[in-house]
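This report concerns only the one structure given below.
The values are calculated or read from the model by the stated rules, or taken from the named source; none is laboratory data. Just so it is clear, the structure is predicted and the values come from calculations on it, not from any experiment. When we count neighbours, we look across all protein chains shown, and the Cβ atoms used for this are built from the backbone with ideal geometry, even at glycine. For the accessible areas, the whole protein counts, side chains as well, though only heavy atoms, and no ligand, DNA or RNA atoms are used. Shrake-Rupley method; radii C 1.70, N 1.55, O 1.52, S 1.80 Å.
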Amino acid sequence: DQRSPLPAERLLENAALGEADGQVAGPAPARLIPGTVRRTVRLSTSPLTRFAGQLENLLGYPYGCAEQTVSRAFPLLHFPALANDLAPGRFTAAGPAGLVQTAIRRLQTMQTPSGGYGFWPGDTEPNPWVSAYVCHFLLEARQAGHTVPGDMLDGGLGYLGTLAAPEPGSTVERVEQA
């Protein structure tokens, strides 16, 4: 067979069983290479189980820029019990709260000297959108009871404040950002 196994393909199907027994899934699509198909079946009385696959994708996303770090942890601020129920194998003993704290520590490595946040650790120039997103997350995390270093949040909010009040004579781009 000459089909390439790349790019990897993930299919997600949701269904409701009307009876106590029945067929959960049919055969794998012919375009997939035999022997490479893996199936996971989740059965539950909760309609929220259908979101488990999306949560697995979010938690397993392999990259770690600031936007992705925040996007991975943000839902855990508000739905930690649900996340633990839907993806129990994705968390350490510290649970979803541990992943939130790990995200906060990672974001510390992305803070620039100006107080804003860059996309990656070691960036020296902040990105306004990323900085706003990170600060929003940090505020919500602190409100949810997580430990957020004060200087980390103060620096980010200070940077955003400079964007909201550009100095006289600023470039058009800077005024539009404000």
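Quick notes
- Other-chain or far-sequence residues with amide H under 5 Å of Y117's (modelled H): T112, N127, S131
- For F119, solvent-accessible area (1.4 Å; no DNA, RNA or ligand), Å²: 80 Å²
- With DNA, RNA and ligands ignored, accessible area of L157 (1.4 Å probe; Å², nearest 10): 70 Å²
- Rounded to 0.05, the FRET efficiency of the L32 and W120 pair, given R0 = 35 Å and the Cβ-Cβ distance, is 0.50.
- L77 accessible area, 1.4 Å probe, all protein chains in place, Å² to nearest 10: 20 Å²
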